[in-house]
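Participant: Submitted below is the structure of interest, expressed as C-alpha cells.
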Amino acid sequence: MKNQNTVNVFIGYDSKEVAAYHVLAQSLIKHSSLPLAITPIALDNVSSIFTRERNSLQSTEFSFSRFLAPYLSNYEGWSMFMDCDMIARRDIAELWALRDEQYSVMVCKHDYQPKEDVKFLGQVQTKYEKKNWSSVMLFNNERCATLTPEYVSTRTGLELHQFKWLESDDLIGGLPLKWNHLVGVYDYDPDAAIVHYTEGGPYFKDYADCDYSDEWNALLTETTYVAQK
C-alpha cells in the first residue's frame with residue numbers, strides 16, 4: 001500500500017447542521033495521532049462541477065455530492081468520507097490503517113432497515129438495500145474513476161448509494177461496525193469508535209437526550225473555546 005501519512009477526510013456539510021460539521025472536525029482533531037486534511041463538501045463550493053438539482057428524498061445537502069470525494073482527490077491515494085452528524089471517539093488513524101488495496105471502497109456493512117418513515121426536521125426516511133453503508137467510506141481513489149462530476153450529477157440515488165458504479169460487490173471491503181455506530185439503532189456501546197446520529201443529532205430538540213449526547217455537547221464547548229489569559 002502506498003504511504004499516505006496525512007488522513008484525507010471529506011465531511012458532508014449541510015447549512016441546516018452547521019454546528020455538526022465543526023463538532024465532528026473537532027472530535028477528529030482531538031483524537032488523531034496523524035495530520036488531518038479536512039475538507040467540507042458544501043454545495044456552494046462545488047457548484048461549478050456538481051449540477052444536480054435537489055429532490056424531496058434527499059435528507060441532506062450532501063446526499064449525492066459525497067461521491068465527489070475521489071474526483072476532489074484527483075483520483076490519487078485514499079480518501080475518507082463522513083456524514084457530518086457524527087463524532088469520533090477514537091483515533092481516526094486506527095480506521096485509516098485498515099485500508100486494503102484489494103478493494104475500491106470500504107464501508108461498514110450495516111444490515112439495517114429503518115422502522116420510521118420520518119427523521120430529523122421532518123425529512124423522509126428512505127429505505128433501501130445497503131442503507132447507511134455510504135455514510136462512512138474509505139475510497140481507493142484511483143479505482144473510483146467512474147465517479148466523475150457528470151456521473152455523480154446524473155445517476156440515480158440508488159445507483160450511487162448501492163455502489164452500482166462498481167463492477168462487483170466483491171470490490172466493497174468491510175469495516176468493523178464500531179466505526180459507524182448507528183445511534184438509536186444499535187444499543188449503547190462504550191467502545192464505539194465513531195457514533196452516527198443517523199436519526200437526529202443532539203443539536204435538534206427532539207433528540208437532545210439521545211445516546212452520546214453528553215459527549216457531543218462537551219465537544220461543542222471545546223469547539224467554541226478561546227483562552228482568555
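Participant: Less than 12 Å apart at the alpha-carbon level, and either on another chain or at least 8 residues along: which aspartates and glutamates does that give for Lys109?
Facilitator: Reachable aspartates and glutamates: Glu129, Asp169.
Participant: Follow-up question, since we're still on this one. Identify which of Asn132, Asn140, Asn74 has the largest mean-square fluctuation in a Gaussian network model of the chain, with springs joining Cα atoms closer than 10 Å.
Facilitator: Judging by the Gaussian network model, the answer is Asn74.
Participant: So for the pair Thr51, Thr146, with labels modelled 7 Å out along Cα→Cβ, what separation do we get in nm?
Facilitator: Result: 2.2 nm between the two label points.
Participant: Taking the Cβ of Cys84 as the center, what net charge do the other residues with Cβ under 14 Å away carry, scoring Lys and Arg +1 and Asp and Glu -1?
Facilitator: So the surrounding residues net to -3.
Participant: Kindly provide the Kirkwood hydrodynamic radius of region 174-229 in Å, to one decimal, from all pairs of distinct alpha carbon atoms.
Facilitator: About 12.4 Å for region 174-229.
Participant: While we're looking at this one, here's another question. Over region 190-229, average the accessible area per residue using a 1.4 Å probe and give it in Å², no decimals.
Facilitator: Spelled out: the 1.4 Å probe surface of region 190-229, per residue, equals 60 Å².
Participant: Hand me the GluC sites (Glu not before Pro) from region 1-91 located in a DSSP loop with no more than 16 other Cβ atoms within 10 Å, in residue order please.
Facilitator: When the GluC sites (Glu not before Pro) of region 1-91 are filtered for loop state and at most 16 Cβ neighbours within 10 Å, Glu53, Glu76 remain.
Participant: Next up: Dipole magnitude of the chain about its Cα centre, charges +1 at Lys/Arg Cβ and -1 at Asp/Glu Cβ only, in debye to the nearest 20?
Facilitator: Using Cβ point charges on Lys, Arg, Asp and Glu, the chain gives about 360 debye.
Participant: Do any chymotrypsin sites (Phe, Trp or Tyr not before Pro) in region 186-229 lie in a loop, going by DSSP, with at most 14 other beta-carbon atoms within 10 Å of their beta carbon, and if so which?
Facilitator: Tyr188, Tyr225
Participant: I'd like the projected area of region 29-115, averaged over all directions, using the convex hull of its alpha carbons. Report it in nm² with one decimal.
Facilitator: Mean projected area of the Cα convex hull: 7.8 nm².
Participant: I've got another one for you. For the chain, what value does the Rg/Rh ratio take when both radii are computed over Cα atoms and Rh is the Kirkwood radius, given to two decimals?
Facilitator: Reported Rg/Rh, Kirkwood definition of Rh: 0.94.
Participant: Follow-up question, since we're still on this one. Rounded to whole Å and ordered largest first, report the semi-axes of the equivalent ellipsoid of region 12-59 derived from its Cα gyration tensor (root of 5λ).
Facilitator: 26, 14, 8
The values are calculated or read from the model by the stated rules, or taken from the named source; none is laboratory data. Here the structure is a predicted model, which means the values were calculated and not measured. Quick reminder, even Gly has a Cβ in these numbers, built from the backbone with ideal geometry, and neighbours come from all protein chains shown. Accessible surface is based on the protein model in full, side chains and every heavy atom, while ligands, DNA and RNA are left aside. Shrake-Rupley method; radii C 1.70, N 1.55, O 1.52, S 1.80 Å.
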